[in-house]
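Data first, discussion second: the structure below is written as structure tokens.
The values are calculated or read from the model by the stated rules, or taken from the named source; none is laboratory data. Quantities reported herein were computed from a predicted structural model and do not represent experimental measurements. Using ideal geometry, Cβ is built from the backbone for each residue, glycine included, and neighbour counts are taken over all protein chains shown. Side chains included, ligands, DNA and RNA excluded: accessible areas come from the protein's heavy atoms. Shrake-Rupley method; radii C 1.70, N 1.55, O 1.52, S 1.80 Å.
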Amino acid sequence: MVKMVALDLDGTLLEASGMIAQTTLEQLAKISEGGCKIAIATGRPYIRTLDPLKKNHLYPQGSFPQFLICEERDVYELGEHGYVDWESNQATLEEERSHLSLSHRLLSQLEKIAPTLEFAINNAYSQTSRGFVETYFVYPHEALEAFEVLTDLAEGTPLKVTRNSRNVCLRSRKVGKGLTLKRVADYCSLGLSEVLAVGDSHNDLEMLISGVVSATTNNADEMIKEVVKQTGGLISSLDRSLGVGQIIQRVVGTGE
Ligand SMILES: [Mg+2]
């Protein structure tokens, strides 16, 4: 039986407008009242995670989501007076930040191996405050090429490479939606088989294959749909928030 639902935001719970379908909001409220925990699992920083919650009237007045996994690393828990960040957030940020110089060395090597690849990079402030290097490519196929080269270069190092369409990030191997969701599930004394996770793109992959009940929406990357299919998960026939509603109705609503 599913006792926690973990949802990606962009491309999954949120429409392109930033809104969530009213019917899906009502379903989430209903399962939350029934004791099912709701978690957001996003690559967004905390402040930019709150924006859509405010827009959909889930913050500051809401009783869910009970957990926010932000930056694929940091955990915020809903308390009486809003979200409280977990004490461990600082240590995980510092661990990731300690690999910034290695990230720069790998990017220099990428520039030598593939000198015609054009990309922008987040600035020093962003790297220090968020703890990692993020690169932006013009075309998805260039991001894929960089992803493949960097993945080879990062082998045997504390870094892993993640890709989300045209963005490629160098992240600590100790972070990720899957690992962080496991920490939240452990904290709630839940096994991953009691967690339904829904995501649409590459940075959701690790979470979707971590032993959870996996699902994805109709608009998801083909590769993600294939992986969800292989893990026996559900692919909704609807896009984004309506797709999430359909998944919740089928998986949580029937008590599977
Ligand atoms: Mg997404």
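Data table
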{"read-out": "Helical contribution to [θ] at 222 nm, DSSP H n ≥ 4, -39,500 (n - 2.57), averaged over the chain, rounded to 500", "value": "-12000 deg cm²/dmol"}
{"read-out": "Acute angle (nearest 10 degrees) that the helix 46-55 long axis makes with the longest principal axis of the chain, alpha-carbon atoms", "value": "40"}
{"read-out": "Surface per residue (accessible, 1.4 Å probe) for the chain, Å²", "value": "46"}
{"read-out": "The chain - percent relative contact order, Cα under 8 Å, separation 6 or more", "value": "21"}
{"read-out": "DSSP-assigned coil residues among trypsin sites (Lys or Arg not before Pro) in segment 140-238, each with at most 15 further Cβ atoms within 10 Å", "value": "Arg173, Lys174"}
{"read-out": "Listed residues Ile235, Ile31, Ile47, most fluctuating in the chain (Gaussian network, C-alpha, under 10 Å)", "value": "Ile47"}
{"read-out": "FRET E, pair Ile121, Asn218, Förster distance 22 Å, beta-carbon r, rounded to 0.05", "value": "0.10"}
{"read-out": "Given charges at Cβ of Lys, Arg, Asp, Glu: segment 40-130 dipole, positive-most of Leu110, Tyr46, Leu93", "value": "Leu110"}
{"read-out": "When each of Lys55/Lys225; Lys112/Lys160; Lys54/Lys225; Lys177/Lys229; Lys3/Lys182; Lys54/Lys177 is checked by Cα-Cα distance, pairs over 25 Å", "value": "Lys55/Lys225; Lys54/Lys225"}
{"read-out": "Segment 96-172 - percent of accessible surface contributed by carbon and sulfur, probe 1.4 Å", "value": "53"}
{"read-out": "Acute angle (nearest 10 degrees) that the helix 22-33 long axis makes with the longest principal axis of the chain, alpha-carbon atoms", "value": "70"}
{"read-out": "Overall dimensions of segment 96-172 by Cα: Rg and Dmax, Å", "value": "11.2, 30"}
{"read-out": "Carbon/sulfur fraction of accessible area - segment 11-95, other protein chains in place, 1.4 Å, %", "value": "53"}
{"read-out": "Computed E for Glu33/Tyr136 - FRET, C-beta separation, R0 35 angstrom, nearest 0.05", "value": "0.30"}
{"read-out": "Measure of compaction for the chain (Cα Rg per 2.2 N^0.38 Å)", "value": "0.99"}
{"read-out": "Max mean-square fluctuation residue, GNM over the chain, Cα-Cα springs under 10 Å, options Cys70, Cys188, Cys36", "value": "Cys188"}
{"read-out": "Estimated FRET transfer efficiency (Ser129, Thr151; beta-carbon r; R0 25 Å; 0.05)", "value": "0.45"}
{"read-out": "Neighbour net charge for Ala185 - beta-carbon separation under 15 angstrom, K R +1, D E -1", "value": "+1"}
